[in-house]
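The values are calculated or read from the model by the stated rules, or taken from the named source; none is laboratory data. Bear in mind the structure is a predicted one, so any value in this text is a computation, not a measurement. Cβ sites come from the backbone with ideal geometry, for glycine too, and all protein chains shown count toward neighbours. With ligands, DNA and RNA removed, areas are computed over all heavy atoms of the protein, side chains included. Shrake-Rupley method; radii C 1.70, N 1.55, O 1.52, S 1.80 Å.
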Amino acid sequence: MLATASPGLHAAARRLTPPAQARCVVRLPRRRAGRPASLRATASAAAAEAAPPAKEGAEELGFQEMTSGTRRRYYMLGGKGGVGKTSCAASLAVRFANNGHPTLVVSTDPAHSLSDSFAQDLSGGTLVQVEGPDAPLFALEINPEKAREEFRAASQNNGGTGVKDFMDSMGLGVLVEQLGELKLGELLDTPPPGLDEAIAISKVMQFLEAQEYSMFSRIVFDTAPTGHTLRLLSLPDFLDASIGKILKLRSKIASATSAIKSVFGQEVQQQDAANKLEQLRERMVKVRELFRDTESTEFIIVTIPTVMAISESSRLHSSLQKESVPVRRLIVNQVLPPSTSDCKFCAIKRKDQTRALDMIRNDPELMGLNIIQAPLVDMEIRGVPALKFLGDIVWK
């Protein structure tokens, strides 16, 4: 539904936009002239309009339930590319922080947008404090190239490259030709799709093990588009099947070769290589456990009211269910409002959205979820004030 931001918020958004960038703007209906409403009042009114009717079989969930308690909780937002996952994730993080929860928001998407969403440089692969919220809010954009290099480093022997070097360092060089069915080339020389996101989450879990990061009570993940997320869910099993077999084979012949290796001073290097791969495998298992923990984790699907996006969301939910990933909410973003006077374009667009919303109500995968309709707003959601505006509408 259409939500109209206050003039002050529009002015703040214009200040964040570099003057050299040209933008194509579609002007949406505005409020009548008069005293501008406050941002909070405007958001509240838009939220009231956007609230969908209660659905039978859907659990009534609100932001109060999300913010209650001090136990750490993880919220992962995912869906089709271009539906507004980053804006929804960033607005949720701001909402948590403004409600007293020290919050960390992390982008696991190789094509990061958090910096653009917060209008602040968050690159570099380190925690950066976001300016503006009431409680501490930190953001992290994982550098995918660094993550990939760390993975390759874990599978290389003192700067060597390739499967043969790695197998030699593991004491399995003579068996490398017999291990083709393990797809070691795909695993070690060319990391499989989704590994960037998996290592990103495992890196975050590394951070969380340190005492200095124990302050965060809410952690929001802005995940990659649907295909990457589904591959991510299958990675732990892939690594168990591949790395696990490698380590098992090495263990079987370790006793027969340890004496020779120690003479040539290679034992420490080989054990270090094995330990690094085992640590990687253990972190992937932790990623899987994190996804499936119904007590502390929730995956929120974000979509838009189009037939294609709804169909993909249905398939995503089906896949998440098969992986035992807890899903309770579906955000339908960019919903147009009802209107008595429309241009031809708006009337056709609204008709298409109505058909897509009907699909949700009749889809066996989606009909049981708590549906949140996020309005189409008349400004670019960029910067903490705009994210607060959106968050007050969506997360209520």
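In this structure, SER318 and ARG355 have a Cβ-Cβ separation that, at R0 = 22 Å, corresponds to a calculated FRET efficiency of about 0.55.
So how do LEU249, LEU114 rank on accessible area, 1.4 Å probe, biggest first, that is with the largest at the start? Don't skip to the end; give the middle numbers.
Values: LEU249 55, LEU114 0 Å².
Most to least solvent-accessible, the answer reads LEU249, LEU114.
Rounded to the nearest 10 square angstrom, LEU247 shows an accessible area of 30 square angstrom against a 1.4 Å probe.
Under the simplified labelling scheme, the ARG72-SER311 pair shows an inter-label distance of 4.1 nm, with each label point 7 Å from Cα along Cα→Cβ. Using 0.36 nm per residue and subtracting the Cα-Cα separation, the extra length available between SER341 and GLN129 on full extension is 71.8 nm.
Amide H contacts of GLY79: THR226, VAL302, each under 5 Å away and 5 or more positions distant or on a separate chain (H built 1.01 Å from N in the peptide plane; Pro and chain starts excluded). Sorting TYR75, TYR213 by accessible area puts them as TYR213, TYR75; the probe is 1.4 Å, largest comes first, and only protein heavy atoms count. Of the listed residues SER242, SER339, the order by accessible area with a 1.4 Å probe, largest first, is SER339, SER242. Only protein heavy atoms count here; on that basis, with a 1.4 Å probe, ASP237 has an accessible area of about 80 Å².
Label reach from LYS396 (point 7 Å along Cα→C-beta): in segment 100-118, amide nitrogens under 20 Å belong to 100.
Within the full protein context, the accessible area of GLU380 is estimated at about 90 Å² for a probe radius of 1.4 Å.
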